[in-house]
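Asker: The structure's right below; bear with me while I get my questions together.
The values are calculated or read from the model by the stated rules, or taken from the named source; none is laboratory data. The shown structure was predicted, so the numbers you read here are calculated from the model rather than taken from an experiment. Because the Cβ atoms are built from the backbone with ideal geometry, glycine has one as well, and the counts that use them run over all protein chains shown. Side chains included, ligands, DNA and RNA excluded: accessible areas come from the protein's heavy atoms. Shrake-Rupley method; radii C 1.70, N 1.55, O 1.52, S 1.80 Å.
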Amino acid sequence: MKLPVFLALVLCCQTALALEVRVDPAGGAPRMVVDGRPVRARMFWGGPGSARLPVSAEARMVTFDFTAPISTSTGTMHFRFGNKPGEVELDEIEVHDLDSDAVALRRNDFDGGPGDFAREWRFWPTDRKNTVGTVAVAAGVGRDGSPGLRIKLTAPPDGVWPDFHVYHEPKLAFVEGHRYRASFWVRASAARDLVVAFYQPGQPFLYLGGPSTPFENQIHLAAEAGIDFVSCQIPLPWPEPGRSPDWSGVDAICRMVLRVNPKALLLPRIGMYPPAWWCQAHPDEVMRWEDGPHESIAVPASPLYRRDAAARLAALVKHLEQKFGEQIAGYHPTGQNTGEWFYMNTWKRPLNGFSSVDRDAWQRWLRAKAATSGKTELASGQAGAAEPSAEVPSAAVRHASPGGVFRDPTTEAELIEWADFQQQMMAQCVTEFAHTVRQATGGQKLVVFFYGYLFEFSGAPTGPAVSGHYALRRVLDCPDIDVLCAPISYFDRGLGGSAPTMTAAESVALAGKLWLNEDDTHTYLASGDQPGSRDHVDNVEQTLAELTRNVGQEALRNFGTWWMDLGATGWFDDARLWQRMAQLRTLDQYFLDHPTPFRPEVAAVVDERSLLRVTEAGSLVSGQCIYRAREPLGRLGAPYGQYLLDDVLAGRVHAKLYIFLDAWTLSPDECAKLEAVTRDAATIWCYAAPGGGENLTGFQIGPAAPQAAWATPTRLAEAKGLHTAFGLRQKPRPLFSPVDATAEETLFTYPDGKPAVAIRRRDGNAAIFVGAPGLTSELLRYAAREAGVHLFTQQDCNVCANGPFIVLHADHDGTFTLDTGKPGALRDVLTGARVAPNVTLHRGETRILKY
């Protein structure tokens, strides 16, 4: 055989053997596939970290050993004390190399006074963000009455604990593979947990060791349950020009996972944050808020940042593919606030966008718009609108809400355009990095991104559009993305809650992509005040109830998930939790073998474009209409889907009941399309009527000016089982009323007696206009009955159903009469026991049934 032919065959064989992990759209029921074989999209997400050390008023010496995963001369030791007032005393801190008998950290006994701390130790934060901690060398507080280090913690005035910690300057030397022994003396004023860890500073910090890490044990437990996908944070080496990248930290984390589970498939999370030297070299590329630049975060619209970050991302992917390619499932680039690609400080008042790079990108955007349209009108389509200035709109103008809830498309066209610009810049950044990964992997691996939190950001305090997440359609149209993800909503996720999704998840599936829930449930093992901690559960039974609800719903809606040890302290370090994941394999396997699109009879519809017009003052209304609507939707007694308005307009959604949560900016042509699409269905129109809405709602919608946006049921409503008043006690502007509604059509009234909610038949189907912001489960159930929707229960219960399965999660104690609508016996998926139609449940209990 000739050499070129032989080499070609070898290359072909290598290509054929390369691991491929992608998403199969499966006709609207996306599945993850490995080398063409459908697999469960169930994962563990964690990271190296130290187990908590209990300390108390009884002083003791603490000693632990660890093995250094890399060689470094910039190691540091951290002490964290938990979010609890009190005092902690430390003394005789030292570290020895057990293999060479060298001293890694000489004994720090603080006998020399304050200088012994200041010489090598620091605490953080040191500025006004430190509202909780003081550190001092004090006489008599150390071992045997010697001087020692006293850390005093007080509760923060605002209730928000910073990440207060004491740390050694990063100059400790460790040798890869060497064993080290750390020891220190400790006493606390009252029982508390202490977290001690060694790190190499970087982005992110690389964990070097500490007391036994629960990370490896959780990988093992997951593997025993058949879960081989492991996601974790890895560094993004980004060296200064002329220097070579250091891959040791990247390799060390991968080797750590594979040492525990050689069959693991890794999905590394990669922070796309530029290092400090880059930010210092390019100060104009760093984000600037109205009160100045105070974060080392690059502007998403910056071409320089995108170019340099993409180059580093490509280099990292190529390195990992060459070294661990057969164990890499895909890549998850992250950035901006908490890595989730929404603008930094979205939940805070100061607005961003004031760097020169933002201004330059804004000018390019406006020129491109003008060149494309050949006009000076803005994207809002308002003829006669003034040409926008080249300067970024001022903070004062952006904070202002002169028209109340909505921007005026004539006088505030520039602000609507700016809102669109910020969404598109974030989406463009995401899709460019996605393309980088797709090219670097040759299209063989998953590309995963956080994006599309349409429901979650609808109540952002300065308006939904400050988030940058309202360009989901652009991201869905990107061929380089396989998986979109978000945490389970931090609203209504606790015991008895519906654990809602942040996005229009069914539109994600319609686009052929997999939606993945990040399940960072605050299990009974969790500690700290991370997001979701207010829903902490107290025992393993409660934890299992929440996790079973979550995985059950995810299976029926064709979602992926990872169980996330957010605190890196062992939130899922219990074999009983992973045994439940193993028990749920039969549920997942059904949908792998029988791909079944989730097509519920109730569609909750959100419009991205409308939310670009919501002002800072309007977020109260949009939050009530969209963010909070998921609670009554979850309890209506039937499953519901979450869709983008453009999918409905395109005829891709088929439901018996459409709930238009924010269809506030429809054109006449879109109204006509919706009229045709919904002709044979019932509809609910929330808060404001769309343009030309008379044909859709059936009512003449006029202004209202009650004392509050509060809706009280009429006698007619009471007779129909509608007893719960709802809305806002405030008086947002504007408010609307179906002014021509008769008494026989009016279900709720405002405080001034004008109709607030009314029902009218449109082509024989119910159309309900809801003027007060919000919904109730009673009203939704009434509308569902009017629409002929099958209700599994006639009372509040979190219900999800697809194929032959029903997931129930009770929001209250009671007996629930189930109507499956199909013949056959009901059986419990976990126990196999037969279940009667009358099911008694305690609040927070989950049952998964099959018929």
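Asker: Evaluated at 4 °C with a viscosity of 1.567 mPa s, what Stokes-Einstein diffusion coefficient in µm²/s does the stretch 442-511 have when Rh comes from the Kirkwood expression over alpha-carbon pairs?
Answerer: Answer, rounded: 97 µm²/s.
Asker: Next question, about the same structure. What are the semi-axes of the equivalent ellipsoid for the stretch 24-134, taken as the square roots of 5 times the Cα gyration tensor eigenvalues, largest first, in whole Å?
Answerer: 43, 22, 15
Asker: Also: ³J(HN,Hα) across the stretch 188-205 via Karplus (A = 6.51, B = -1.76, C = 1.60, θ = phi - 60°), whole Hz, x for Gly/Pro?
Answerer: With the stated coefficients, the stretch 188-205 comes to 10, 5, 8, 4, 7, 9, 10, 10, 10, 7, 10, 9, 10, x, x, 10, x, 4 Hz.
Asker: Taking θ = phi - 60°, what integer Hz values does the Karplus form 6.51 cos²θ - 1.76 cosθ + 1.60 yield along the stretch 834-841, in sequence order, with x for Gly and Pro?
Answerer: Karplus-based 3J(HN,Hα) across the stretch 834-841 equals 6, 10, 6, x, 8, 10, 8, 10 Hz.
Asker: On the full set of protein chains, 1.4 Å probe, figure out the accessible area of Glu601 and give it in Å² to the nearest 10.
Answerer: For Glu601, the solvent-accessible surface is approximately 60 Å².
Asker: Same structure again: Hey, can you grab everything whose amide H is under 5 Å from the amide H of Phe406? Only 5+ residues off in sequence or another chain; H modelled, so Pro and N-termini drop out.
Answerer: Thr615
Asker: Same structure again: Can you compute the equivalent ellipsoid semi-axes for the stretch 306-360, i.e. the square root of 5 times each eigenvalue of the Cα gyration tensor, sorted largest first and rounded to whole Å?
Answerer: Semi-axes (√(5λ), whole Å): 32, 15, 5.
Asker: How big is the charge dipole of the chain about its Cα centre, in debye rounded to the nearest 20, if each Lys and Arg gets +1 on its Cβ and each Asp and Glu gets -1 on its Cβ?
Answerer: 1060
Asker: Kindly flag which residue pairs out of Lys323/Lys445; Lys369/Lys673; Lys731/Lys754; Lys84/Lys348 have an alpha-carbon separation exceeding 18 Å in this structure.
Answerer: Table pairs above 18 Å Cα-Cα are Lys369/Lys673; Lys84/Lys348.
Asker: Using only helices, what value at 222 nm comes out for the chain when you add -39,500 (n - 2.57) per DSSP H run of length 4 or more and divide by the total residues, to the nearest 500 deg cm²/dmol?
Answerer: Calculated mean residue ellipticity at 222 nm is -7500 deg cm²/dmol.
Asker: What ranking, highest mean first, results for peptides 473-482, 516-525, 439-448, 95-104 when packing means the other Cβ atoms within 10 Å averaged over each residue?
Answerer: Descending packing order for the listed peptides: 516-525, 439-448, 473-482, 95-104.
Asker: Taking a probe of 1.4 Å, how large is the accessible area per residue of the chain, in Å²?
Answerer: Solvent-accessible surface per residue comes out at 37 Å².
Asker: Given H placed on each backbone N at 1.01 Å, which residues far from Ser355 in sequence or on other chains put an amide H within less than 5 Å of it?
Answerer: Here Arg288 satisfy the definition.
Asker: Divide, for the stretch 663-793, the radius of gyration over alpha carbons by 2.2 N^0.38 Å, where N is the residue count.
Answerer: Taking the Cα Rg and dividing by 2.2 N^0.38 Å, one obtains 1.00.
Asker: Rg and Dmax of the stretch 178-228, using alpha carbons, in Å: what are they?
Answerer: In Å, with Rg to one decimal and Dmax whole: 15.2, 44.
Asker: Would you mind calculating the gained length between Ser248 and Thr131 on full extension (0.36 nm times residue separation, minus the Cα-Cα distance), in nm to one decimal?
Answerer: Here the segment from Ser248 to Thr131 would lengthen by 38.5 nm.
Asker: A further question follows. Residue by residue, what Karplus-based ³J(HN,Hα) values in Hz, rounded to whole numbers, does the stretch 151-156 have, using 6.51, -1.76 and 1.60 with θ = phi - 60° and x for Gly and Pro?
Answerer: Each residue of the stretch 151-156 in turn: 10, 10, 10, 10, 5, x Hz.
Asker: Evaluated at 37 °C with a viscosity of 0.692 mPa s, what Stokes-Einstein diffusion coefficient in µm²/s does the stretch 375-529 have when Rh comes from the Kirkwood expression over alpha-carbon pairs?
Answerer: Diffusion coefficient, whole number: 183 µm²/s.
Asker: Using just the C-alpha positions of the chain as equal point scatterers, what log10 of I(q)/I(0) does the Debye formula give at each q in 0.10, 0.11 1/Å?
Answerer: After summing over all Cα pairs, the log10 values are -1.18, -1.37.
Asker: Another question, if that's okay. For Phe816, list long-range residues whose amide hydrogen, built 1.01 Å from N in the peptide plane, is under 5 Å from its own amide hydrogen.
Answerer: Amide H neighbours of Phe816: Val839, Thr840, Leu841.
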